[in-house]
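Each value in this text was obtained by applying a stated rule to the coordinates, not by laboratory testing. On a predicted model such as this, the values are computed, not experimentally measured, just so you know. Heads up, the Cβs are rebuilt from the backbone with ideal geometry, glycines too, and the neighbour counts pull from every protein chain shown.
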Amino acid sequence: MLRMILYNVLQVLVVLGFSPLAAGVLNRLKEMVQSKHGPSIFQPYRDLWKFFHKDEIVSEESSWIFRFTPYLVFVTPLFVTLLIPVLTTYPLFFAFMGDMIAGGFVLALGGFFAALAAVDTANPYGPVGASRTRMVGFLAEPVFMIVFFTVSFVAGSTIPYIVQEKWITPPANFFMPSHVLLMLAFLMLILAEGGRIPVDNPSGHFELAMIDESKSLEYSGPGLALMKWGGYMKLFVLMCIFLNVLVAPWGLASAPSSGAVLLAIPLVLLKIFGFLLVLIVIESSLAKLRLFRIAEFLGAAFITAVAAMMMQVFLVGR
Amino acid sequence: MNLCLLLLLPLAATLLVCLPANKYWAPGVTLVSSLMILVGVMRLAWLMAAGQSVMTGWNTGLLHGLTVDGLSVLILLLIAFIATTAAIFSIGYMEHQILTPWKRRLYYANYNLFVFSMLAIPVLVDPTLVWIAVELTTLCSALLVSFENTHEALEAAWKYVVLSLMGAGIALFGFLVLFAAMQTSGRGGAYTWSGLIAAAPAMPPVLLQAAFLLILIGLGTKVGLVPMHTWLPDAHSQAPSPVCALLSGIETTTILYVILRLFPVLHAAPHGHADIWAMVLGLISVGAAAFLLLQVSDYKRLLAFSTVEHMGIILTAVGLGASVAGYGAMQQVVSHAVTKSFCFFAAGAVLLVTGTRQIAAVRGLIGKSPLAGAALIFGGLAITGAPPLAVFLSEFTILKAGLTARHYLATGLLALFIVIAFFGIMLHFNRMVFGAGSDQASPEGAAFPARRGNLPRLPWSCRLALFVAAAPVLVLGVYIPPPLQNLLTQAAAALKG
Amino acid sequence: MTPWLDNLNALATGLFLLTAFGMVAMRQVRGCLNLFILQSVLLAASAVLLGLRYSAGDLYGVAIVGIVSKVILLPWLLRKTAPAEIYTRREVDQVLNIPTALLIALALVILSYFLALPLLNAVAPEFRGPNLPIGIAGLLLGAFTITVRREAVPLLLGLLAMENGAFLAGIALARHLPLLVELAIATDGLIVVFIVGVLTRAIQKQVGTTAVGEMAHLKETPAGGEAPR
C-alpha cells in the first residue's frame, strides 16, 4: 500500500521534474533542424527559476479568477498524473479515482480557467486568444470523445491500465487498424491541444496570430512560472497518455519492485524523446494553418477517429 | 466465318486507315471492312437461323473461347448493318467536318476501333472480359463524341466518359460479386455466361441479386436508364451524326445485351426477382423520357431522349416475362436499332442542309430540301411507332404480350408513355418540316455556318445511306423474313435460359 | 502468423479507407495524385497479405500488376497526356465545403457497412473480413469524389479510386480471377488515363479551363426558346 503511494508520488515528481526538460529538448531540436544553435535544453528550468524570483503584477481590473487560474493550470496535470500510467503497467494507489474520460475533463478544466482568466483582464489580445483556444477546443472535443468511445469499444473499458494491455496481447494486436488509426487521430489531437505547429505556432511572437500563448500575456513573475510549468506538464501528460496508453505500455515497469520502477523512468524518457523527434519532423515539414483551416485539420482527425471505430465495427462483423 | 476474323477485320482496318493516302482511302477501307463484316455476320446469322452449329474459332482456355448464340448473332447483325450504313453516311457527311488528313485518320481509326469494341461484346463469353469490352466502347467513342472540338462537344464527351466509367466501376464490382457467387456455389465451371446459368441454382441468392443490381445500375448508366441518363442526350446529340447513329442505334443496345445476358441466370436461380426490377426501371425510363422530350429545343437531343425511351421499352418488355414478351423485346431491339440509326442520318441530313440543331430555327423544311424533310418526317413517324413501320409492329407485339401476361398496369402505362412520346416528337418534327414561319438565324456556335438562300444538296453517299437504312424500317413493319424470325425466336429463347 | 496477417491486412484496408477520405477532401491536385498512389500501394499490400494468408499465388500477380500499372505507369502517362500546369493547381472551391463533404463521406461509409452485411453473411467465412465493406466504401467514396470535385485530374482519380475499391473487395471475394483478366483491367485503366488526359488537354485548349465540373453549356431549355449557346 505504502509502496503504491510512494510510486504514485514518484510519478508526479517525474512529471513535475522532467516536463520542462522535454520542452527544452523540443526547442533545442527544433532550432537544430533549422540550422541554428538554439538555447540550452535546460533553459526552461532557468526561465522558471527566474520567473519565480520576480515580482508579480496583477491588473486592478482583474478578479479572483485571474489570481486563482495559475494554481489550477499547475495542479490539473499533476492530478491527471495520479490517474494515468506514467511508469507502471499496474494501477497505483490513486488510479481508482478516474478513468480516461475523467482525466480528459480535468485537463479541460485547466484550459477552461485559462480562457476565463484571459478574458478577465482587459487586455484585448487575451479574449482573442481565448476565443481561438475555445474554437480549437470545441472542434477537438468530439474527436476526443470518439477516441475514448473507440477505445472503450475495442478494449471494453476506459480504464487506462486495461486499455494499454489490449494493444499488445497478443502482440499482433498492435497492428489492429483501429489501434493504428486511433494513434493517428490522437497524434493530431496532441498537435491541436498542445498548440503545436499545424494548428498554432508555440514560438511565435506576433500577438494577432497567437492562439495559446496570448492567454498568458498578462501574467508575470510566479504566476507566469506556474502557467508555463503547467503548460509543459500538460504536454508531458498528453505524451504519456499517448505513448503509454494508446501506443503500447512498452518500457513500463510491470513488476512491483522499486528497481523496475526506477528503470522505467529512463525508458519512458527515451520513448518521449523518440516522440519528440516525430514531433520535430511534423513541425518542420508543415506550415501553420490559417485559422479557418484548423476546422479541416480537426475534421481530418475526427474522420480518422471515426474510421478507427468503423474498422472495429467491420472486424466485429466478420 | 471465323469469329476471330470478325474481330481482326476492324482492327486491321484501324491500322490501314492510319496509312497516309488520299482522302478516299480511309473512308474506303472503313466501308470495305464494314461490308465484309456485314457479309460474314449475315452468313453466320443464316447458318444460325437454319439451326446449324456455328464455327466458334480460337477455342483456347484463355478467353473461354469465342462463342455465339441466337441473341449474340442478332446483336452482331445489327452492329454490322449500322456500322455499314454509318460508314456510307460518313463519306459525304464527314467531308464537311474533316479539315485535315490527320483529323480524317483520327476519325476513321476511332470509328473502326469503336466497331471492334462493340463486336467484341457479343462474341466474348467471360463476363469480366465483356466488362473490358464495354469499357473500350466508352473509351473508343469518347474522342468521336468530342470530334467537333467545340465547348459543347467536349463537355458532352467529358460527361459521357466520366459517367460511363463511374457506371463501369460499379458494374466491375458487380461482376466480381458474381464471380464470388459462382465460387461459393461450389459448381466450379468456367466463368462464362453458360457456366453462370449452370451454377445459378446453387448460388447464394443475396450475392446473385446484389451482383445483378450492381450490374443493372452500372451498365444501366451506359444504356441511359433514367436516373443515370443525364449524359446521354448530351453525348448523343453532340457527336457527328454517323457516330450518333452508332451510339444511339446500337451501342446502347449492345450494352443492354450484357444486362439481358443476366436474365437467364436469374431465372435459373430460385429467387431471382430480375423481372420486377427490369419492369420498374424500364417504366421509369420510358415515362421520364416521354415527358423530358416534350421540352427539348435541339432535334438531336429529341432523338437521344427517344433512345432512352426505347431502352426503357425493351427493358420493360423483358420484365413482362421473357417467355411471353421475349420475342417482342427482341423485335424491338431490331426495330429500334434500324429506325434510330435512320433517324440520326435524317437529322444529320437536316443539320447539313440547315446548319443548325435548333428546332425553332428550322421551319418549312419540306419546301427547301424535300429529301431531308421527307426523311425527317419519315424517321419521326417510324421511331414513334406509326403503322405500318417496324417499331409499330414490335411495340404492338410487346403490348399484346403484356396484356396476355395480365400485366395490365404496366402495359397501360407503357402504352400511355408511348403515345405521349409520339405526340412530343411529332409535334416538333411536324413544325420543322411543314411549319410556316421565318427561318431564324442559326445561333452562334452551331456546328455549321448558317446557310441562307441556296441550300446545299445532300452528298450522294448521304442519300444512299438514307435509302439503305430506310429499307429495313419499311420492310420489317410488314414482313419479317423467316430466317430473321427464326433468329428472333432463338434470341428470345436465350433470354429465357 | 495468421493473426499478424489478418491484422496487417485489416490495417492496410483501414489506411485504404483513410486515403479514400483524403481524396474527397484534399485540395492540392498533386496531393490527390499522391494519395491515389498510396492507395494503390495499400491495395497491393492487401493483395500480398491475403495471398500469404490463404496461400493464393494469383494475388501476388494482382499486386505486381497493380504496382506496375498504377504506381509506375499511370502517373507517368498522366504527366505525358494531361497539361503540366494541372499539377500546380489548387482547388479553391469544391461543390461542397470540406467538412460537409467529409461528413457525407462518413455517412457513405456507414451505409457501405450495411450494404456489405448481407453479402458477408452469404459468403464462406474465409472470404469475410474488412476487404468487402471497405471495398464498397472505396467504391462509394470514389463516386462521391467525382460528384464533389470540379478539377479534371481529381475527377479522373476518383474514377480510378472506384476501380481500386472494387478491386479491394475483389481480391477478397474473387481470389482466383485469371491473371489475364487482371492484366486487361490494368491496361484498361491506363487507356482511361490516356483518353481522359487527351480530353483534358483538348478542354484546356478549347475552353481554357481544367475545372471541367464548371462546364454547363448543355442544358434543357423549353422548346421554342432560344438555347443558351
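Using the rule -39500 (n - 2.57) for each DSSP H run of four or more residues, divided by the residues of chain B, the 222 nm mean residue ellipticity is -25000 deg cm²/dmol. Within straight-line reach of residue B:222, meaning a Cα separation under 21 Å, sit the following lysines at least 8 residues removed in sequence or on another chain: B:159, B:300, B:340, C:219. How about residue A:271: which aspartates and glutamates have a C-alpha closer than 19 Å to its C-alpha, ignoring those fewer than 8 places off in the same chain? Result set, ordered by chain and number: A:165, A:283.
With the Kirkwood sum run over all distinct C-alpha pairs, segment A:2-316 has a hydrodynamic radius of 20.0 Å. Electrostatic tally near residue A:80: other residues with Cβ closer than 15 Å to its Cβ, Lys and Arg +1, Asp and Glu -1, net -1. Against the longest principal axis of chain B, how steep is helix B:390-404, in degrees 0 to 90 to the nearest 10, with axes from Cα atoms? Result, in degrees: 40. Each listed q (0.10, 0.11, 0.12, 0.14 Å⁻¹) maps to a log10 I(q)/I(0) for segment B:252-378, found by the Debye formula over equal Cα scatterers with no solvent: -0.40, -0.47, -0.54, -0.68. Building the convex hull from the alpha-carbon atoms of segment C:26-128 and averaging its projection over directions returns 8.6 nm².
Distance between the pseudo-spin-label points of residue C:68 and residue A:166 (7 Å out from Cα toward the beta carbon): 4.4 nm.
The C-alpha atoms of chain A define a longest principal axis, and helix A:125-155 lies at about 10 degrees to it. Considering only the Cα atoms of segment B:169-229, their convex hull presents on average a projected area of 4.0 nm².
Calculated FRET efficiency, residue A:45 to residue A:260, Cβ-Cβ distance, R0 = 22 Å: about 0.20 to the nearest 0.05. Normalising by residue count, segment C:72-229 has a Cα convex hull of 172 Å³ per residue.
Can you list the equivalent-ellipsoid semi-axes of the protein assembly as shown, largest first and in whole Å, using the square root of 5 times each Cα gyration tensor eigenvalue?
Ellipsoid semi-axes (Å, largest first): 66, 32, 24.
According to the Cα-based calculation, Rg over Rh for segment A:26-179 is 1.05, with Rh computed by the Kirkwood formula. Once you keep just the Cα pairs under 8 angstrom separated by 6 or more residues, what percentage relative contact order results for chain C? It comes to 26 percent, rounded to a whole number. Taking a ≥ b ≥ c as the square roots of the eigenvalues of the Cα gyration tensor, segment A:90-129 is prolate, since a/c reaches 1.5 or more and a/b is larger than b/c. In whole percents, the pair-distance distribution calculated for segment A:181-318 from its alpha-carbon pairs, binned every 10 Å from zero, is 10, 32, 32, 20, 6, 1. Considering only Cα atoms, the convex hull volume of segment A:168-247 works out to 83 Å³ per residue. Summary value for segment A:2-316: 28 percent relative contact order, contacts being C-alpha pairs under 8 angstrom separated by 6+ residues. Entry note, chain C: the mean residue ellipticity at 222 nm calculated from DSSP H runs of n ≥ 4, each adding -39500 (n - 2.57), is -24000 deg cm²/dmol after division by the residues and rounding to the nearest 500.
Kirkwood analysis of segment B:167-281, using all unique Cα-Cα pairs, places the hydrodynamic radius at 14.8 Å.
Output the peptides C:125-131, A:81-87 sorted from most to least packed, where packing is the average of other Cβ atoms within 10 Å over each peptide's residues. Intermediate values should be presented prior to the final figure.
Numbers: C:125-131: 20.6, A:81-87: 23.6.
So the peptides C:125-131, A:81-87, ranked by packing, come out A:81-87, C:125-131.
Extension gain for the segment residue B:416 to residue B:295, taken as residue separation times 0.36 nm less the Cα-Cα distance, is 41.8 nm to one decimal.
Ordering B:131, B:102 by the number of other Cβ atoms within 10 Å of each residue's own Cβ, fewest first, gives B:102, B:131. Our summary of shape: the Cα atoms of segment B:3-496 have principal axis extents of 72, 55, 42 Å, ordered from largest down, in whole angstrom.
Across peptide C:126-135, the mean count of Cβ atoms from other chains lying within 10 Å of each residue's own Cβ comes to 4. The angle separating the long axis of helix B:3-17 from the principal Cα axis of greatest extent in chain B is about 30 degrees.
The lysines within cross-link reach of residue A:288, meaning a Cα-to-Cα straight distance under 16 Å and a gap of 8 or more places when in the same chain, are A:30. Estimated from helices alone, the mean residue ellipticity of chain A at 222 nm is -23000 deg cm²/dmol (sum of -39500 (n - 2.57) over DSSP H runs with n ≥ 4, per residue). Taken residue by residue and averaged, Cβ atoms of other chains lying within 10 Å of the Cβ of B:125-131 number 3.
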